[in-house]
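The next block holds one structure in the form of structure tokens; read it before the comments.
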Amino acid sequence: MIHVAAAGDIHFGPDAAGTLRPHLEHLVERADLLLLAGDLTRVGTAEEAKALADELTDIDIPMVGVLGNHDYHCDQADEVAAILKGIGVHMLEGTSVVIPVNGTRVGIAGTKGFGGGFAGACGSDFGEPEMKAFMAHSRGLADRLEHSLTALDTDVKIALLHYAPCPDTLMGERPEIFPFLGSHLLGEAVDRGGATLALHGHAHRGTERGLTAGGCHVRNVAQPVIGHAYALYCLHPDIDGADPECPAPAAVMA
């Protein structure tokens, strides 16, 4: 069994220093790896990234992350990612990493992803150049995710995203903004790539549990949704399609 801790939308900044670390005190006893689903900072400054890095320093389990839209706002995304890489976080964007866990090879493919909407209410690459560019960006990131997942030869495959790959986990948000919260293209990539589990954030008023059209379990791990410093999921490599739930408690945010 593999224990996965996951959180997104931490929105950390210097004035929050010391508030996250206490909730990670027992993390290494509960989880085999920590996955971070974007919006790790408030507006994407190096100062904010450094504050978060200080909270995560010396966490003695593998950490993997993607950036979110907030992490791009100040045009310092490369620096934000580099700071987190500097403390050992595997930062992904259209790339993957393989982590051995208790004799099982866990493959994680990650991307921020982008919007575009879902079946019956989605954008298309028709019309103005701006619309074509929007959808081309969304499709390009989804294609890279699919390629990264497909290339993984592992016992378990996890898709780590910021934007949502299905509408189920957006329920609670206004339907009018679904196209800005995720894309069916990500869901198709998750399914074609053979992911065991997909994790995302971004939708603060959404729902934790969902499924892609192909039946992959999806979890929205935005902190406002899970209500904890992290959520904990159990993956069963020998049980195909098993629901990734875990009886162990997660650390509660103050």
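Looking for something of a type in the set (Val, Ile, Thr), in contact with a helix residue (DSSP H, G or I) (Cβ under 6 Å, 6 or more places away or on another chain), surrounded by 17 or more Cβ atoms within 10 Å (Cβ to Cβ) and within 22 Å of residue 159 (Cα to Cα) - is there at least one such residue anywhere in region 63-79? No, because not a single residue in region 63-79 is of a type in the set (Val, Ile, Thr), in contact with a helix residue (DSSP H, G or I) (Cβ under 6 Å, 6 or more places away or on another chain), surrounded by 17 or more Cβ atoms within 10 Å (Cβ to Cβ) and within 22 Å of residue 159 (Cα to Cα). Within region 61-80, residues that are closer than 11 Å to residue 49 by Cβ sit with their Cβ atoms under 6 Å from residues that are among the hydrophobic types (A, V, I, L, M, F, W, C) and assigned to a helix (DSSP H, G or I), at 6+ positions apart or across chains, in these pairs: 67/77; 71/77; 71/80; 76/46; 79/46; 80/49. For region 223-241, residues that are within 24 Å of residue 28 (Cβ to Cβ) and loosely packed, with under 14 Cβ neighbours inside 10 Å total 1. For region 1-28, the set of residues classified as of a type in the set (Asp, Glu) and either modelled with pLDDT of 95 or more or surrounded by 20 or more Cβ atoms within 10 Å (Cβ to Cβ) (or both) consists of 9, 15, listed by residue number. Identification of strands (runs of 3 or more DSSP E) wholly contained in region 137-254 with 3 or more residues that are in contact with an Asp or Glu (Cβ under 8 Å, 6 or more places away or on another chain) yields 209-211, 217-220, 231-235.
The values are calculated or read from the model by the stated rules, or taken from the named source; none is laboratory data. This is a predicted model, so every value here is computed, not measured. With ideal geometry, Cβ positions are generated from the backbone for all residues, glycine too; neighbour counts draw on all protein chains shown.
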